[in-house]
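What follows draws every value from the coordinates through simple rules; no lab data is involved. Only a predicted model underlies this, so the values are computations on that prediction, with no experimental measurement involved. Every residue, glycine as well, gets a Cβ built from its backbone with ideal geometry; the counts of neighbours run over all protein chains shown.
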Amino acid sequence: MTRAQSLLNRAQVRPARTRLLLVMATLAAGPLLMGGTSAAVVPKLDLVALLNSLLTPPALVTPTPIAEKLPEVLAAPAVPEDDGFLRPVEGEFLSGFGTRSDGMHTGIDLRGAAGDPIHASKKGVVMAQSCGSGYGICTMIDHGGGLTTLYAHMSAKLVTAGPVDRGQVIGFIGCTGSCETPHVHFEIRQDGVRMDPLGYL
């Protein structure tokens, strides 16, 4: 019995495990606790291994890097189509449509962090053509009925041609072309005439 008591004194465990350790200690004592008979031989347990398995904390799970989740983000379903236009990004409003000190501003500017995704404002077809000077890396989408949207100053394009859905990621915010801070310059045109996007969003 002395051996069993010694094992319990050395095990620094919580009270909830005391009953389990009493059973283990009893089995480890063997025939001494069974009245000294040889009729029932109780096999000894490897108490050290069992205690280690109980007291060793579980391994921590390493979080999945954000970069590994990007394909899942891009594969997310598009926003259901309706008659309206979406904001291409949810960033701060920087500049509106109209005359500025440096001339006519033909769209609105929405701030964002470099590399943030830019979303198609409405379902349409990406046009394989240049946006013109000053826009940097830029994408134009034809929505039919004479309506087009333009997304400028991208750091990179994700779609260069073909159909896109409303809300689909088409590129990433940057500061290419005539630009001072990362943002997206967003235009809406009706039959080639630049309109105030706030009248559509």
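Annotation: amide H-H contacts under 5 Å for G171 (H modelled 1.01 Å from N, sequence separation of 5 or more, or interchain): I118, L158. Computed from the Cα positions only, the extents of the stretch 73-199 along the three principal axes stand at 41, 31, 26 Å, in decreasing order. Counting charges near V184 (Lys, Arg +1; Asp, Glu -1) among other residues having Cβ under 13 Å from its Cβ returns a value of -2. Near F97, once Lys and Arg are set to +1 and Asp and Glu to -1 for all other residues with Cβ below 11 Å from its Cβ, the sum equals -1.
When you count the other C-beta atoms within 10 angstrom of each residue and take the mean per peptide, 118-128, 155-165, 176-186 line up highest first as 118-128, 176-186, 155-165.
Each residue of the stretch 185-195 is assigned a 3J(HN,Hα), and the resulting list reads 8, 10, 10, 10, 10, 10, 6, x, 8, 6, 10 Hz, derived from the Karplus form 6.51 cos²θ - 1.76 cosθ + 1.60 (θ = phi - 60°), x at Gly and Pro.
Cα centroid separation, the stretch 145-201 to the stretch 85-99: 11 Å.
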